[in-house]
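Report on the structure given below.
The values are calculated or read from the model by the stated rules, or taken from the named source; none is laboratory data. Note that the structure is a prediction, hence the values are computed from the model and not measured. Here the Cβ is made from the backbone with ideal geometry for all residues, glycine too, and neighbour counts use every protein chain on show.
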Amino acid sequence: MSELSFEDVFELLHLDTETGKLFWKPRGPHLFSEGGKRGAQGNANFWNRRFAGQEAFTDTNGRGYLRGSIFNRRYRAHRIVWLLHTGKWPADQIDHINGDRMDNRPINLREVDTAGNTRNQTLSRANTSGVCGVHYHKQINRWVAEITVDRKRIFLGSFDDRESAAIVRLAAQERFGFSARHGRPA
């Protein structure tokens, strides 16, 4: 099945732009088969009594994003919100500016590439130094600061203490346009 069009999604869902929540619209019989005891109109009536006006896309995936299904195909809610708000599917990734994966208000969403999305990430759980881009190098017995920009790792220096490495790393983040929340604990 090809990607749903804006018109298809607009017919099925209402976007509350203040909250970023999606709600099911009533469906006409043209969206249902004649099969079963009820027929298309009866199936539409049954569906509308159960779902019309109800919040849609309330399930969360393992990473904390809201998701739902349209015609047995899964979509993330923020991508549907983007489509309904802009009239087009995102060409790349959708970033939640404030980092809250459940906050799908259009004002909190922006289309970015992978690098742009990475610049808004919080500190990884795997980080052991407590500072993004700073690690202890055992062979040289020093703290190393690095940053990756446009897929290129840039060595920022090695330092006697973690705090000095952190200061240099934070300055580099600012210089290269990383968000203020990048590398902060989640």
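For segment 79-94, state whether one or more residues are under 30 Å from A56 (Cβ atoms), surrounded by fewer than 14 Cβ atoms within 10 Å (Cβ to Cβ), of a type in the set (V, I, T) and out of contact with any strand residue (DSSP E or B) (no Cβ under 6 Å at 6 or more places or on another chain). Talk me through it step by step, then tell me what you get.
Applying the first criterion (under 30 Å from A56 (Cβ atoms)) to segment 79-94 yields 79-94.
Restricting the remaining residues to those that are surrounded by fewer than 14 Cβ atoms within 10 Å (Cβ to Cβ) gives 86-88, 91-92.
Then drop every residue that is not of a type in the set (V, I, T), which leaves 86.
Still in the running and out of contact with any strand residue (DSSP E or B) (no Cβ under 6 Å at 6 or more places or on another chain): 86.
There is at least one residue in segment 79-94 that is under 30 Å from A56 (Cβ atoms), surrounded by fewer than 14 Cβ atoms within 10 Å (Cβ to Cβ), of a type in the set (V, I, T) and out of contact with any strand residue (DSSP E or B) (no Cβ under 6 Å at 6 or more places or on another chain).
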Please identify the pairs in which a residue from segment 12-23 that is in contact (Cβ under 8 Å) with a residue 24 or more places away in the chain and in a strand (DSSP E or B) has its Cβ atom under 9 Å from the Cβ atom of a residue that is buried (at least 19 other Cβ atoms within 10 Å of the Cβ) and of a type in the set (G, A, S), counting only partners at least 6 apart or on another chain. L13/A56; K21/A56; K21/A77; L22/A56; L22/A77; F23/A56
Please pick out the residue among K37, K25, K21 that is surrounded by fewer than 11 Cβ atoms within 10 Å (Cβ to Cβ), among the charged types (D, E, K, R) and not assigned by TED's automatic domain parsing to the domain that holds K152. K37
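I'd like the residue in segment 40-68 that is basic (K, R) and within 18 Å of H78 (Cα to Cα) and, out of all such residues, is surrounded by the fewest Cβ atoms within 10 Å (Cβ to Cβ). Break it down into steps so the answer makes sense when it comes.
Residues of segment 40-68 basic (K, R): 49-50, 63, 67.
Cutting the leftovers down to within 18 Å of H78 (Cα to Cα) gives us 63, 67.
On the way: R63: 8, R67: 17.
Out of the qualifying residues, it is R63.
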Qualifying positions in segment 128-180 - charged (D, E, K, R), surrounded by 16 or more Cβ atoms within 10 Å (Cβ to Cβ) and not in a strand (DSSP E or B): R162, R169
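Just to check your reading of the model, which residue among R63, R67, R125, R110 is of a type outside the set (A, V, I, L, M, F, W, C), within 14 Å of the chain's Cα centre (by Cα) and not in a strand (DSSP E or B)?
Values: R67 fails: not in a strand (DSSP E or B); R125 fails: within 14 Å of the chain's Cα centre (by Cα); R110 fails: not in a strand (DSSP E or B).
Residue meeting the stated conditions: R63.
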Checking R119 against (1) charged (D, E, K, R); (2) surrounded by fewer than 17 Cβ atoms within 10 Å (Cβ to Cβ); (3) modelled with pLDDT under 95; (4) within 30 Å of F6 (Cβ to Cβ), which test does it fail? (2)
What number of residues in segment 70-102 are part of a strand (DSSP E or B), β-branched (V, I, T) and in contact (Cβ under 8 Å) with a residue 24 or more places away in the chain? 1
